[in-house]
Amino acid sequence: MLRATSLRVRNGLIALLMIVAAGLACSSVASAAGPKLAATSDGKPRKVAVGFYAMTIQGLDQQDNSYYADFYFWLRWRGSGDPSATVEFMNNVERWGLTQTPVYEEPKKLPSGEFTQQFHVQGKFFAPLDLSDYPLDDHELPIQIEDTSADDTSQVYVLDTAQTGLDPAVRIPGWKIDGIRLATEEHRYRTTFGESVTPDKSNFARATFAIKIDRPTNFFLLKLFLPLVIVILVAVSTLLVNPAQADIRLAAPVTALLTLVFLQQSYSSTLPEN
């Protein structure tokens, strides 16, 4: 009788140790998969409001397809977890030169029960410029953010359109600002980033703030078209010169041709080779 009781106690201890070991293994797998913000209680992804306010745009480089921006952006959300701690700029270049200073040491709780965090950001950003319509081209200078840990099943961005905008002092020499564009989208990565326990896809919510610019018409008319017209008129005017003055009639077209070559080089000096 005692032997049977001892056997049952031993089997119970072994079963308890196996349950504890399984629990530790599950927790280690979950931690290896990385933190993920929880969805709302109804199973829908949490909505995080995002807004931008640009202070300075400068150093637009058409050869490097980049520009420098000085701006504020903020996040506003409900519930636990801090999405501001895992936000990432997707088109930032020179990460060593990016400064992202939080306004509050910890997320601030608003009277509405929401939490907010604001950042002052300065850095260099990538903007692919399509110059196929040069010199009457227009472009967008985007700033794109994603969350590094929450996919679109647990978090999505909504735009704070009422507060987003440009400071009246924003100027881009040589360009005309046509306003801003705000958008949210689902960005799909064709990889699980090495996490075999996750489904074979990675969809993340992305928010984009873009400044719309184009070249002013007077740039084309006064700096490009008018000099070309003057050079062409000078070359054509040689037809009115007395045929006896052959040296003048021959020198003027050659001079006009060289002038056009130098004008073309000056126009394209700030453009990429391809």
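Just a yes or no: is a residue in the range 81-92 surrounded by 17 or more Cβ atoms within 10 Å (Cβ to Cβ) and of a type in the set (Gly, Ala, Ser)?
yes
Yes/no matrix, rows are residues, columns are (1) over 17 Å from the mean Cα position of the chain (by Cα); (2) exposed (fewer than 13 other Cβ atoms within 10 Å of the Cβ); (3) of a type in the set (A, V, I, L, M, F, W, C):
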site	(1), (2), (3)
GLY97	no, yes, no
LEU141	no, no, yes
GLN144	no, no, no
LEU159	no, no, yes
ALA183	no, no, yes
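THR116 passes all but one of (1) in contact with a Lys or Arg (Cβ under 6 Å, 6 or more places away or on another chain); (2) open to solvent by 20 Å² or more (accessible area, probe 1.4 Å); which number fails?
Against the list (1) in contact with a Lys or Arg (Cβ under 6 Å, 6 or more places away or on another chain); (2) open to solvent by 20 Å² or more (accessible area, probe 1.4 Å), THR116 comes up short only on (2).
Yes or no: the range 105-113 includes at least one residue that is surrounded by 15 or more Cβ atoms within 10 Å (Cβ to Cβ), in contact (Cβ under 8 Å) with a residue 12 or more places away in the chain and part of a strand (DSSP E or B).
No: zero hits.
Quick one: which residue in ARG188, ARG206, ARG215 is open to solvent by 60 Å² or more (accessible area, probe 1.4 Å) and out of contact with any Leu (no Cβ under 6 Å at 6 or more places or on another chain)?
Among ARG188, ARG206, ARG215, only ARG188 is open to solvent by 60 Å² or more (accessible area, probe 1.4 Å) and out of contact with any Leu (no Cβ under 6 Å at 6 or more places or on another chain).
What's the number of the only condition in (1) at pLDDT below 90; (2) in contact with a Phe, Trp or Tyr (Cβ under 9 Å, 6 or more places away or on another chain) that PHE119 fails to meet?
Against the list (1) at pLDDT below 90; (2) in contact with a Phe, Trp or Tyr (Cβ under 9 Å, 6 or more places away or on another chain), PHE119 comes up short only on (1).
The values are calculated or read from the model by the stated rules, or taken from the named source; none is laboratory data. Every value quoted in this text rests on a predicted model; they were computed, and no experiment measured them. Cβ: placed from backbone, ideal geometry, glycine included. Neighbour counts: every protein chain shown. Surface accessibility is based on the protein's heavy atoms, side chains included, excluding ligands, DNA and RNA. Shrake-Rupley method; radii C 1.70, N 1.55, O 1.52, S 1.80 Å.
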